[in-house]
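To start, the structure itself, in structure tokens.
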Amino acid sequence: MTIGGSEPVIRIDHDGPLEGTVRVPGAKNSVLKLMAATVLADGEFTINNVPGIADVDIMSHILREIGSTVERAGDGSLLIRHDGDLSTEVPTGLAGRLRASVNLLGPLVTRFGSIHIALPGGDDFGLRPIDMHISGLEAMGASCHFDDGVLTVHAPRLSGANIRFSFPSVGATENLVTAAVLADGVTTIDGAAREPEVADLCHFLVSMGAQIEGIGESTLRITGVPRGSLHSATHRVVPDRIQAATYIASVAVAGGEVDMVDARRADMRMFLHRCTEMGLVFTDLDDVGLRVASSQRLSAVDVQTLPYPGVATDYKPLVIAMLSVANGSAVVTENLYPGRFRYINELQALGAKITMHEHHAEITGVERLSGTEVTAHDIRAGAALVVAGLAADGETTISGVGHIDRGYDDLVGRLREIGVGISRD
Ligand code: EPU
């Protein structure tokens with residue numbers, strides 16, 4: 001993987017159905033939060049099923065800079081050790097490279113009483129405010145102020161509070177749960193995010209000694225435990241439903257049948273429902289994963305993004321790539337990030353027929369796209385361009401591969417294993 005330096009390109013020149021088996025790695029949007037949560041306690045943590053992605057490297061770097069020891073073992077696990085005080089000054093350059101750096105807010109403030117951190121980076125979909133994180137911490141007794149893009153929070157001691165979200169923010173739910181586990185008294189969060197990665201974090205916190213009720217539901221009740229009573233733990237990261245969806249989308253446009261080890265139907269029900277309406281067939285592989293099969297051209301189906309259990313915004317670029325070669329027209333509506341359409345121009349360059357109306361994309365499927373040079377501007381957009389490349393005649397060349405590396409564990413290698421004509425140089 002490349003962080004900085006000269007960037008590689010991905011080339012796709014593919015024809016024919018896919019077959020074989022692919023293992024779905026652990027979820028980026030869980031592991032980064034688990035890593036941040038470890039700062040709640042001293043001791044040695046083992047996180048298993050950690051994906052080999054650049055964002056894990058950046059979060060490891062941040063943890064080392066504040067005083068943790070982080071080591072990667074050959075078996076895909078990460079060993080993290082904390083021993084006593086950590087710095088609450090998060091290095092500005094690193095925090096700005098990662099959205100999940102904001103997940104240090106809850107754990108550092110609740111354990112050490114303060115944090116000094118630059119506003120988080122991550123994919124550019126337009127405004128990504130953190131007002132819900134801040135108002136929740138303030139309700140728990142913290143004082144927060146911004147100065148020149150840097151947030152400072154002080155809270156010698158947090159107290160439990162009743163928090164009601166008007167929208168189920170993933171990051172704000174995670175930050176306030178991690179803050180509440182060491183606060184005085186009980187915190188309730190109404191309207192909490194229910195994503196499988198949020199539940200994974202809660203299960204991890206419980207294995208550290210935290211008291212959380214309502215995991216996976218929209219009301220969470222957290223009873224604070226004394227500082228020092230949380231302990232280290234071992235945890236296996238939940239499989240990445242968006243990486244699984246990327247293999248599903250690949251089979252959808254190329255045809256064939258692929259077994260996805262570790263893919264979880266329960267975590268992706270609405271997405272699978274839409275895919276089934278488009279013509280894909282899914283079979284449970286007992287205790288192993290899920291099989292996806294495609295034997296006909298996809299049918300166009302309208303899709304709108306919603307918080308979990310709805311169809312996640314992260315699936316949307318993949319869905320639009322699929323619809324680009326489906327039979328008929330469909331409308332895809334984005335309800336979370338109105339600006340998250342930066343890959344549409346690239347898909348159009350590949351021959352997709354897409355018209356935009358505010359936060360709706362209308363896609364009229366064509367038989368085949370045609371390969372050209374395109375650029376990935378964020379992680380999921382990059383994956384969508386790879387999928388589109390599979391549906392294109394001739395060679396598709398994708399630059400901006402560093403974005404894909406932030407969230408995909410050896411996407412090229414895994415696709416080659418199931419028969420895709422793809423290389424990286
Ligand atoms: N929002 C606010 N105020 C806040 C927080 C959020 O207005 O304080 C709004 C956002 O602007 C957005 C919506 O609420 O319109 C959803 O934001 P949320 O907080 O749920 O998202 P996030 O925690 O910043 C995570 C994932 C994203 C994923 C979203 C939605 C991580 C690191 N990122 O972001 O994943 O799209 O949830 O599911 O977990 C990706 O992996 O490619 C990715 C972008």
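Could you list, in sequence order, all residues of region 96-105 that are touching a strand residue (DSSP E or B) at 6+ places or on another chain (Cβ under 9 Å) and within 13 Å of the ligand (Cβ to nearest atom)?
Across region 96-105, the qualifying residues are 101, 102, 104, 105.
Could you list, in sequence order, all residues of region 339-374 that are crowded, with 19+ Cβ neighbours inside 10 Å, at pLDDT below 95 and in contact with a strand residue (DSSP E or B) (Cβ under 7 Å, 6 or more places away or on another chain)?
Correct list: 341 only.
What strands (runs of 3 or more DSSP E) lie completely within region 316-425 and have 3 or more residues being out of contact with any Gly (no Cβ under 9 Å at 6 or more places or on another chain), without any contact (Cβ under 8 Å) to a residue 60 or more places away in the chain and on the phi < 0 side of the Ramachandran plot?
It comes to 329-333, 353-357, 360-364.
Considering only residues that are touching a helix residue (DSSP H, G or I) at 6+ places or on another chain (Cβ under 6 Å), under 30 Å from residue 395 (Cβ atoms) and among the charged types (D, E, K, R), look in region 12-71 and name the one that is farthest from the ligand (Cβ to nearest atom).
55
Please count how many residues of region 145-176 are farther than 26 Å from residue 195 by Cα, within 16 Å of the ligand (Cβ to nearest atom) and at pLDDT 95 or above.
1
Give me the pairs: first residue in region 72-98 and farther than 14 Å from residue 61 by Cβ, second residue hydroxyl-bearing (Ser, Thr, Tyr) and in a strand (DSSP E or B), beta-carbon distance under 7 Å, and six or more apart or on different chains, which are they?
77/46; 79/46; 81/69; 88/114
Considering every residue within region 329-338, establish whether at least one is surrounded by fewer than 22 Cβ atoms within 10 Å (Cβ to Cβ), under 21 Å from the mean Cα position of the chain (by Cα), among the β-branched types (Val, Ile, Thr) and assigned by TED's automatic domain parsing to the domain that holds residue 364.
For region 329-338, residues surrounded by fewer than 22 Cβ atoms within 10 Å (Cβ to Cβ), under 21 Å from the mean Cα position of the chain (by Cα), among the β-branched types (Val, Ile, Thr) and assigned by TED's automatic domain parsing to the domain that holds residue 364: present.
Which of the residues that make up region 152-183 are in contact with an Asp or Glu (Cβ under 8 Å, 6 or more places away or on another chain) and either surrounded by 19 or more Cβ atoms within 10 Å (Cβ to Cβ) or not basic (Lys, Arg) (or both)?
158, 159, 160, 162, 163, 165, 170
Hey, among 7, 44, which residue is outside the structural domain of residue 252 (by TED's automatic domain parsing), among the acidic types (Asp, Glu) and not in a helix (DSSP H, G or I)?
None of the others qualify; the one that does is 44.
Which strands (runs of 3 or more DSSP E) does region 179-290 wholly contain that include 2 or more residues that are without any contact (Cβ under 8 Å) to a residue 40 or more places away in the chain and within 30 Å of residue 390 (Cβ to Cβ)?
281-285
I'm checking my understanding of the structure. Among residues of region 72-95 that are of a type in the set (Ser, Thr, Tyr) and under 24 Å from residue 137 (Cβ atoms), which one is nearest to the ligand (Cβ to nearest atom)?
Going through the qualifying residues, I end up with 92.
Quick one: which of 52, 16 is within 21 Å of the chain's Cα centre (by Cα) and either at pLDDT below 95 or outside any helix (DSSP H, G or I) (or both)?
52
Test of understanding: among 179, 118, which residue is touching a helix residue (DSSP H, G or I) at 6+ places or on another chain (Cβ under 6 Å), modelled with pLDDT under 95 and within 16 Å of the ligand (Cβ to nearest atom)?
118
The values are calculated or read from the model by the stated rules, or taken from the named source; none is laboratory data. Note that this is a predicted model, so its numbers are computed, not measured. A quick note on method: Cβ atoms are made from the backbone with ideal geometry, for glycine too, and the neighbour counts reach across all protein chains shown.
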